[in-house]
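The values are calculated or read from the model by the stated rules, or taken from the named source; none is laboratory data. Here the structure is a predicted model, which is why all the values come from computation and not from measurement. Positions of Cβ are generated from backbone atoms using ideal geometry, with glycine treated the same way; all protein chains shown enter the neighbour counts. These accessible areas exclude ligands, DNA and RNA; they are computed on the full protein's heavy atoms, side chains included. Shrake-Rupley method; radii C 1.70, N 1.55, O 1.52, S 1.80 Å.
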Amino acid sequence: STGEWKSHEGTTIKLRGPFTKGYTNWNSKSTPFGVRHLEILLRAFRIVASAVELQKPEIRDIATAAGARKIVSMPDAVWVCSDIARLSLCRTLSPLVSQLVDRARSILHRLSEISEKLLLSSTTLYPKNQFSSSKANIRPSIMLGPVHKTFDVAVHEFKYFVDYAKNLYFSYIDELCHNVHTKCKDELTCMRILSWDATDVPKDFATSTDIKYQFIVEITERIFRRTKEILVENIILKCHHYLLIPMQTEMWRLIQAKI
């Protein structure tokens, strides 16, 4: 999950300050281990997305957005600005969303290795054949809460069962990541934006090409900046709803039903 974030042009995006600054849940007993790392990842995504800026529209971009109709009034110009901002947001945020989902998948896959090592280290505290009825329903899970230090059996003696459970876990993780990636992409491609707060039309707007171009650039930047904040917030909420919550609530029930 580490490494540099890349823009849609393949260049490295430099983070504006440490994304762990102000995070207070590192040692929180109420926050599971894996959730903390995913929360840090979402904070990093917010900072990276804030660094994305709109490239200044060229005349050909404006002509493509306008299509066959001429830009003779303020509503025509706002439609063009909205279309340019929408295409730019989709182009610049799509690779960041893909990187976000890939990093989340890497974190969740890594949790299985960490939990297995914790289980192996914990089983050495007890003799191999000692069982206790009080420990019959222990369910170790990093995502579901604190890891217990008492276990009934040595995990390494049931390699087939462990591999089967890990495959179920990986399949569930891949399904969740695919679902959240689809939801986030839909958020980008299906959005419809239009700003009607641009009521101050410059003088000679209909006759001067330069004034018309400066007006379109200004309104496009305003729409791009405002809509980007909304999209980033919606993407983070979708990750919470379709990734974090299922990992903490539905995962154990679905996997247990197949074992």
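Could you grab me the full set of residues in region 73-87 that are within 16 Å of L231 (Cβ to Cβ) and either of a type in the set (S, T, N, Q) or touching a residue at least 40 places away in the same chain (Cβ under 8 Å) (or both)? Passing the criteria: S82, I84, A85, R86. Applying the selection to region 37-79, what residues are open to solvent by less than 40 Å² (accessible area, probe 1.4 Å), farther than 30 Å from A104 by Cβ and aliphatic (A, V, I, L, M)? Answer for region 37-79, where residues must be open to solvent by less than 40 Å² (accessible area, probe 1.4 Å), farther than 30 Å from A104 by Cβ and aliphatic (A, V, I, L, M): I62, A65, A66, I71, M74, A77, V78. L15 passes every criterion in (1) in contact with a strand residue (DSSP E or B) (Cβ under 8 Å, 6 or more places away or on another chain); (2) modelled with pLDDT of 75 or more apart from (2). Output the number of the condition that R110 fails; it satisfies all remaining conditions of (1) of a type outside the set (G, A, S); (2) farther than 27 Å from H37 by Cβ; (3) open to solvent by 70 Å² or more (accessible area, probe 1.4 Å); (4) at pLDDT 75 or above. Result: R110 passes all but (2). Pairs, please: C-beta under 8 Å, at least 6 apart or cross-chain, first residue under 24 Å from D102 (Cβ atoms) and in region 158-171, second part of a helix (DSSP H, G or I) and open to solvent by 100 Å² or more (accessible area, probe 1.4 Å)? So the pair list comes out as L168/K258.
With the requirement that a residue be under 30 Å from F170 (Cα atoms), open to solvent by less than 90 Å² (accessible area, probe 1.4 Å) and among the basic types (K, R), what does region 213-259 give you? Across region 213-259, the qualifying residue is only K238.
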